[in-house]
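Notes follow the structure.
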Number of protein chains: 2
Amino acid sequence: MSNDINIEIKQISGGVLAPKGFKASGVASGIKQSGNKDIALLVSDKTASAAAVFTTNKVAAAPVFLSKKHLVDGKARAVVINSGNANACTGKQGDENAQKMADITAEVLAIDPDEVIVSSTGIIGVQLPMKKIEDGIKLAAGKLYNGIGADAAEAIMTTDTFPKEYAVSFMVNGSEVRVGGMAKGSGMIEPNMATMLAFVTTDARVTADILKQSLKNSVDKSFNSITVDGDTSTNDMVAVLANGESGIEIEHDAVEAFQEALDQVCIELAKLIVRDGEGATKFIEVNVTGAADDADAKKAAKAIANSNLVKTAFFGQDANWGRIVAAAGYSSAEVDKDKVDVYYGDEKLLESGQPVDYDAAKVDEVLKAKDIKIKVDLNLGKGSARVWTCDFSYDYVKINAEYHT
Amino acid sequence: MSNDINIEIKQISGGVLAPKGFKASGVASGIKQSGNKDIALLVSDKTASAAAVFTTNKVAAAPVFLSKKHLVDGKARAVVINSGNANACTGKQGDENAQKMADITAEVLAIDPDEVIVSSTGIIGVQLPMKKIEDGIKLAAGKLYNGIGADAAEAIMTTDTFPKEYAVSFMVNGSEVRVGGMAKGSGMIEPNMATMLAFVTTDARVTADILKQSLKNSVDKSFNSITVDGDTSTNDMVAVLANGESGIEIEHDAVEAFQEALDQVCIELAKLIVRDGEGATKFIEVNVTGAADDADAKKAAKAIANSNLVKTAFFGQDANWGRIVAAAGYSSAEVDKDKVDVYYGDEKLLESGQPVDYDAAKVDEVLKAKDIKIKVDLNLGKGSARVWTCDFSYDYVKINAEYHT
């Protein structure tokens, strides 16, 4: 790396509005019966390079198909998002309504509809209330001039209990470049993308190709490394817009710095999603090392992080390492039962597949904390992975049993 | 099929002791702190043909490895089972202890240790209390003469709330043949075998090869078609012993009748396991039809049956078909979102991927019942599958958070 680049990433405030040349707003249009904010707009002053990663669910929602189409050229100018209604399983009318959302947004912003990314989240199988959507987009557009990023972050929430924003800056050739983002998550979060919304802005100048690859890399390390309940949804996407307003081109050595900044924004947003997991009382980092390869490590880590039995044991603050080993064992990862080590924090509880004496007080301390790290060393190779998850409490059941259609 | 065979299967009482020439008992040896029964013996008067299907978990327990070895010759005489301790993650000493269980059983029954199937279920990572095991096996052996099948069924329980037994008979050439079984399950039940114990007896005379294939067929339709929480355990097995005491050879047309009888015993035991799912308040049958093939149908059905969001919605008695469609969509099955139909009972809620008007009172009735059937027609091909699951209640979390190691 060249000496001109200070790869030190600095956290800054401002979320999606931390980078120069973006505006955002969030309003209540009445889609949500609660009267909470439900329409967000995010607009770049200029046409931006853009890329996105979408849900892999085969029953993807109408806005997912539309946004994919609009991003074929690697460019976008605005994102319109509604919460409270997913516009999924809504057939031909759903497709038309997604298109209308783009058209309305384009009209009020005086831009091309193809430059609009459309995103929806909420209840499945109900047509969008288009009059409310239209009024809401117009209202949101009127608030852009002095718009507040936090309003947009709030307007994309569903069962989230707090808005999620994060931003960083780094220096290239003495000039500051910024990357910011907002996300929504809560339940239904699992690796393999899907099941959350995140929108990232940057004032770096980045080609669509580099942006696409950088986003993919970051998403693998962040949104695809978290899990709340293993379900993947019909709607979700992570999109990034790079408008170049910092004047700094991301090329050569700067690519690495940009990647790191984008990683950090995506990872911190992903972690906030886990922290806000439905009913979560614990934040758990699952490390798997010594796997045959990284892919195997991720399979084992995901199996552990997704296990209801593991997650309820953490809620119960119990050192039930048996459930952890069993989950690794039924994952498709290579596992030799006589080689597995398991650590809670720094305390080793299992060595070469057999329980060892450990300091119960220390393990108790680990389990009582809100943030817990566990490590499973498969002792087979050099593969490793890190996955974040939350525990599984009564409130998860409550929230999801009482969320009525 | 020949006219000599009455393929009508009749339910009879007696569980594993319904077939002739078997003895069973169950005693409390003190492995369980509760003082409940924890050692079961199941013995055939003569050496029997035997077959078993074992957990696919790579961290399989010591008794699994031993029993596999003992079944290589397709013969067995006795099964010894302890509950309260899984003898899993117990290393070399665990292997030795499993062998000792076979040796002690062989000694008290005056048979060969290789004729003994050994099975354990319970806590992971703790060495078996061998003195209690030894005393328990001897005590159980002493009770075989007037042994009661229900005692054995009780002695294999862990978090189960009731013992699970089932038996049937059918006629071949005017003679009665019987098939009976017992099972334990509760949490950690998921397709792909593993995570439950079931022991089936029959007085049919069956070659080891036919027995093995018949068992595999039955397990696919029963224990591999249920799910409680998606976790698969380290220990579990389904074993069948055929001692020939009815004098009836299972060959030619009788193979089909035997298969049906074995299917019925396995399916009914599997359903009992789901009904006793930890915290379950509903019994749910998930039918998937119109899939590209049967394997695809099973993938979609399992994704639906394993979804925490689907299961909590049933607990909440909510017709949240969106979660069902989303689960089918993220399964690896082929799904065309514009072709999917969804039924609750006989009421169609979704047609060609779009919500339709339905009789809300009828759907409400379906959801309020204890037994619920849903159907997802993918409208793509002729593949179908049926999977049984239960809902997901507060008590699931309670049981699993409070089950301390």
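Listing for the model above:
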{"item": "Selection count, region B:199-214, where residues are under 19 Å from B:Val72 (Cα atoms) and small (Gly, Ala, Ser)", "result": "2"}
{"item": "Any hit, region B:70-77, residues being part of a loop (DSSP other than H, G, I, E, B) and surrounded by 24 or more Cβ atoms within 10 Å (Cβ to Cβ)", "result": "no"}
{"item": "Strands (runs of 3 or more DSSP E) completely within region B:1-64 that count 1 or more residues being farther than 28 Å from B:Gly247 by Cβ", "result": "B:22-27, B:39-54"}
{"item": "Among (1) more than 14 Å from every other protein chain (Cβ to nearest Cβ); (2) open to solvent by 20 Å² or more (accessible area, probe 1.4 Å); (3) assigned to a loop (DSSP other than H, G, I, E, B) - the single one B:Glu268 does not satisfy", "result": "(3)"}
{"item": "Qualifying position, being part of a loop (DSSP other than H, G, I, E, B), closer than 27 Å to A:Ala305 by Cα and either hydroxyl-bearing (Ser, Thr, Tyr) or open to solvent by 40 Å² or more (accessible area, probe 1.4 Å) (or both), among A:Ser233, A:Ser218", "result": "A:Ser233"}
{"item": "Residue under evaluation B:Pro129, criteria (1) open to solvent by 10 Å² or more (accessible area, probe 1.4 Å); (2) over 23 Å from A:Asn320 (Cα atoms); (3) modelled with pLDDT of 95 or more; (4) not basic (Lys, Arg), criterion not met", "result": "(2)"}
{"item": "Residue in region B:202-211 that is touching a helix residue (DSSP H, G or I) at 6+ places or on another chain (Cβ under 7 Å), open to solvent by 20 Å² or more (accessible area, probe 1.4 Å) and modelled with pLDDT of 95 or more present", "result": "yes"}
{"item": "Single residue of region B:283-293 satisfying the filter (in contact with an Asp or Glu (Cβ under 6 Å, 6 or more places away or on another chain) and assigned to a strand (DSSP E or B)) that is farthest from B:Thr159 (Cα to Cα)", "result": "B:Gly290"}
{"item": "Top-ranked residue of region A:375-397 - restricted to ones that are over 14 Å from A:Val274 (Cα atoms) and away from chain B (no Cβ under 13 Å), ranked as surrounded by the fewest Cβ atoms within 10 Å (Cβ to Cβ)", "result": "A:Lys382"}
{"item": "Qualifying residue in region A:171-179 (condition: at pLDDT 95 or above and closer than 26 Å to A:Ser83 by Cα)", "result": "yes"}
{"item": "Qualifying residue in region B:153-166 (condition: open to solvent by less than 10 Å² (accessible area, probe 1.4 Å) and in a strand (DSSP E or B))", "result": "yes"}
{"item": "Residues within region A:296-312 that are facing chain B (nearest Cβ under 7 Å) and hydrophobic (A, V, I, L, M, F, W, C), tallied", "result": "1"}
{"item": "Qualifying residue in region A:170-182 (condition: part of a loop (DSSP other than H, G, I, E, B) and aromatic (Phe, Trp, Tyr))", "result": "no"}
{"item": "Identity of the residue in region B:236-265, away from chain A (no Cβ under 14 Å) and of a type in the set (Asp, Glu), that ends up surrounded by the fewest Cβ atoms within 10 Å (Cβ to Cβ)", "result": "B:Glu251"}
{"item": "Qualifying positions in region B:327-353 - without any contact (Cβ under 8 Å) to a residue 12 or more places away in the chain and within 7 Å of another protein chain (Cβ to nearest Cβ)", "result": "B:Gly329"}
{"item": "Qualifying position, being under 27 Å from A:Val59 (Cβ atoms) and either surrounded by fewer than 24 Cβ atoms within 10 Å (Cβ to Cβ) or touching a strand residue (DSSP E or B) at 6+ places or on another chain (Cβ under 6 Å) (or both), among A:Val80, A:Val108", "result": "A:Val80"}
{"item": "Enumeration of residues in region A:34-60 that are open to solvent by 20 Å² or more (accessible area, probe 1.4 Å), touching a residue at least 40 places away in the same chain (Cβ under 8 Å) and not charged (D, E, K, R)", "result": "A:Asn36, A:Thr47, A:Ser49, A:Ala52, A:Val53, A:Phe54, A:Thr56"}
{"item": "When residues of region A:83-98 are limited to those that are surrounded by 19 or more Cβ atoms within 10 Å (Cβ to Cβ) and over 21 Å from B:Val342 (Cα atoms), the one farthest from the chain's Cα centre (by Cα)", "result": "A:Asn97"}
{"item": "Region A:56-67 - residue that is more than 8 Å from every other protein chain (Cβ to nearest Cβ) and under 17 Å from A:Met196 (Cβ atoms) and, of those, modelled with the lowest pLDDT", "result": "A:Ala61"}
{"item": "Failed item, numbered, when B:Asp209 is tested on (1) touching a residue at least 60 places away in the same chain (Cβ under 8 Å); (2) within 30 Å of A:Thr312 (Cβ to Cβ); (3) among the acidic types (Asp, Glu)", "result": "(2)"}
{"item": "Tabulated pairs, region A:4-24, first modelled with pLDDT under 95, second of a type in the set (A, V, I, L, M) and outside any strand (DSSP E or B), C-beta under 7 angstrom, 6+ apart or interchain", "result": "A:Ile5/A:Ala254; A:Ile5/A:Ala257; A:Ile7/A:Met1; A:Ile7/A:Ala257; A:Ile9/A:Ala261"}
{"item": "Residue selected from region A:111-126 under the condition under 25 Å from B:Pro355 (Cα atoms) and touching a Lys or Arg at 6+ places or on another chain (Cβ under 9 Å), by the criterion surrounded by the most Cβ atoms within 10 Å (Cβ to Cβ)", "result": "A:Thr121"}
{"item": "A:Ala28 being in contact with a helix residue (DSSP H, G or I) (Cβ under 7 Å, 6 or more places away or on another chain), on the phi < 0 side of the Ramachandran plot and among the small types (Gly, Ala, Ser)", "result": "no"}
{"item": "Test: B:Ala280 is part of a loop (DSSP other than H, G, I, E, B), within 14 Å of another protein chain (Cβ to nearest Cβ), aliphatic (A, V, I, L, M) and farther than 20 Å from B:Tyr166 by Cα", "result": "yes"}
{"item": "Number of the condition not met by A:Asp73 [criteria: (1) in contact (Cβ under 8 Å) with a residue 40 or more places away in the chain; (2) among the acidic types (Asp, Glu); (3) under 25 Å from A:Ser25 (Cβ atoms)]", "result": "(3)"}
{"item": "Within region A:273-315, considering residues that are of a type in the set (A, V, I, L, M) and under 18 Å from A:Val219 (Cα atoms), the one surrounded by the fewest Cβ atoms within 10 Å (Cβ to Cβ)", "result": "A:Ala295"}
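The values are calculated or read from the model by the stated rules, or taken from the named source; none is laboratory data. Fair warning: this is a prediction, and the values are worked out from it, not measured in the lab. Note that we place each Cβ from the backbone using ideal geometry, even for glycine, and neighbour counts take in every protein chain shown. The area values use the complete protein model at the heavy-atom level, side chains included, leaving out ligands, DNA and RNA. Shrake-Rupley method; radii C 1.70, N 1.55, O 1.52, S 1.80 Å.
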